[in-house]
Amino acid sequence: MMITVRDVTGENVDDLIMVCAGRHLEDLSMKPGVNARKQWVRDMMDKVGPVVKVAYMDGKPVAQIMYYPEVSIPYDPFPRSGVLRIECIYNSQPDAREKGVGKALLEALVKEAREGLPCMDSQCRFIVADAFYGGEGIPMDEFYQRYGFNWMNGELISLIHGEYESKKKREYTALEEDKGKAIIFNNRNCEYSSHFAQRIEKTIRDVAPDYPIIHVDLWENPEEAKRRGVTSLIVNAVQVNAFIGDLEKFTAEVKDALGTC
Ligand SMILES: CC(C)(COP(=O)(O)OP(=O)(O)OC[C@H]1O[C@@H](n2cnc3c(N)ncnc32)[C@H](O)[C@@H]1OP(=O)(O)O)[C@@H](O)C(=O)NCCC(=O)NCCS
């Protein structure tokens, strides 16, 4: 068994798609998100350099890690210089799990962060790993903590060349202009974002068929999220935090925001 790790470029971007969405490529609702992510990877390549690595097991793409400097996130109101964010790691192949693939991806990235990552224009002070759980393999927070990441002020941190600096955040306060409409933020760094946006729209329409709904692309129109400090759904000037995957909870929050429950 041989594990190799490669940066994702225009050449092997389809391998990345196979890792993340290979099982759902027949689903037509995935198509816009797949195309958007491919374009996003190319745009990031042009702007800052490679921001995703794919791991291959005996030549087959099986896992990915996605990362970028915080200062390259256009919708972050308070980006910190010298901070690398790991957006996600995912080994999608059950038969390739627990064989060292995830570790190889993280080690390759941390080594580059120490030596100088092409996507960072300054020395990496520390890495922040975003940790959520998609329901397969092991949860990301458990994974990162195995390799020296520690929780600090609600962030999973690994120090590289500097000290930790806490994250300044903008809290959403209800805006007059957000009343009477829904704003769906779409992040095309993930193939599933557009699919989820469609499901969110459908669920809102099921509750309120004619309700005005606006879609915002976080990378094309970042100011809308930046000035509000929000990347999740807003309905009637209320932030909806429930995940669309939990339909019951999500619908309840939407109804609450609409004042229809
Ligand atoms: C985290 C993840 C990438 C690890 O991938 P992997 O290829 O199995 O990782 P490795 O084989 O390199 O194992 C890494 C470490 O985790 C441990 N580990 C992996 N799977 C484990 C499991 N199911 N139970 C306990 N420990 C586990 C390994 O023992 C190893 O620890 P060690 O170095 O101390 O021995 C994978 O589990 C995953 O994709 N999880 C889901 C993450 C997620 O939700 N992503 C978002 C999807 S959109």
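What are the pairs with Cβ atoms under 6 angstrom where one residue, in the range 69-93, is assigned by TED's automatic domain parsing to the domain that holds D46 and within 16 Å of the ligand (Cβ to nearest atom) and the other, located anywhere, is of a type in the set (K, R) and at pLDDT 95 or above? Sequence gap at least six, or different chains.
N91/R97
Would you mind stating whether R37 is modelled with pLDDT under 95 and either in a helix (DSSP H, G or I) or out of contact with any strand residue (DSSP E or B) (no Cβ under 6 Å at 6 or more places or on another chain) (or both)? Outline the logic, then answer.
Working: modelled with pLDDT under 95: no; either in a helix (DSSP H, G or I) or out of contact with any strand residue (DSSP E or B) (no Cβ under 6 Å at 6 or more places or on another chain) (or both): yes.
Judged against the criteria, R37 is not a match.
Report those strands (runs of 3 or more DSSP E) wholly inside the range 149-261 carrying at least 2 residues which are without any contact (Cβ under 8 Å) to a residue 24 or more places away in the chain. I'd like the intermediate steps shown before the answer.
On the way: elements: 150-152, 155-159, 182-186, 213-217, 233-235, 238-240.
The qualifying strands (runs of 3 or more DSSP E) are 150-152.
Please determine, by comparing only the residues of the range 121-132 that are within 12 Å of the ligand (Cβ to nearest atom) and assigned to a loop (DSSP other than H, G, I, E, B), which one is surrounded by the most Cβ atoms within 10 Å (Cβ to Cβ). Show your work before the answer.
Of all residues in the range 121-132, those within 12 Å of the ligand (Cβ to nearest atom) come to 129-132.
With the extra rule that they be assigned to a loop (DSSP other than H, G, I, E, B), the set shrinks to 130-132.
Numbers: D130: 16, A131: 19, F132: 10.
Among residues in the range 121-132 that are within 12 Å of the ligand (Cβ to nearest atom) and assigned to a loop (DSSP other than H, G, I, E, B), the one surrounded by the most Cβ atoms within 10 Å (Cβ to Cβ) is A131.
If you take the residues in the range 133-156 that are in contact with a strand residue (DSSP E or B) (Cβ under 9 Å, 6 or more places away or on another chain) and within 8 Å of the ligand (Cβ to nearest atom), which one is modelled with the lowest pLDDT?
G134
Among the residues of the range 74-84, are any at pLDDT 95 or above, surrounded by fewer than 17 Cβ atoms within 10 Å (Cβ to Cβ) and of a type in the set (D, E)?
No, the range 74-84 has no match at all.
Check G59, G116, G100 and return the single one that is out of contact with any helix residue (DSSP H, G or I) (no Cβ under 6 Å at 6 or more places or on another chain), farther than 26 Å from Q198 by Cβ and modelled with pLDDT under 95.
Details: G59 fails: modelled with pLDDT under 95; G100 fails: modelled with pLDDT under 95.
Going through G59, G116, G100 in turn, the sole match is G116.
Could you give me the residue pairs with C-beta distances under 7 Å whose first residue belongs to the range 50-66 and is assigned to a strand (DSSP E or B), whose second residue is more than 9 Å from the ligand (Cβ to nearest atom) and among the acidic types (D, E) wherever it lies, and which are 6+ apart or on separate chains?
As it stands, the answer is K53/D7; V54/D15; P61/D15; M66/E87, since those pairs meet every condition given.
Would you pick out the residues in the range 156-209 that are polar (S, T, N, Q), over 18 Å from the mean Cα position of the chain (by Cα) and crowded, with 19+ Cβ neighbours inside 10 Å? Quick ask: steps written out before the conclusion?
Start the filter on the range 156-209 by keeping residues that are polar (S, T, N, Q), which leaves 158, 166, 173, 186-187, 189, 193-194, 198, 203.
Of the ones still in play, those that are also over 18 Å from the mean Cα position of the chain (by Cα) are 158, 166, 173, 203.
Matches in the range 156-209: S158 only.
Would you check if there is a residue in the range 109-120 being in contact (Cβ under 8 Å) with a residue 40 or more places away in the chain and exposed (fewer than 13 other Cβ atoms within 10 Å of the Cβ)?
Taking every residue of the range 109-120 in turn, at least one turns out to be in contact (Cβ under 8 Å) with a residue 40 or more places away in the chain and exposed (fewer than 13 other Cβ atoms within 10 Å of the Cβ).
The values are calculated or read from the model by the stated rules, or taken from the named source; none is laboratory data. Bear in mind that the values here come from a model prediction, so they are computed numbers and not experimental data. So basically every Cβ, Gly included, is an ideal-geometry build from the backbone, and we count neighbours across all protein chains shown.
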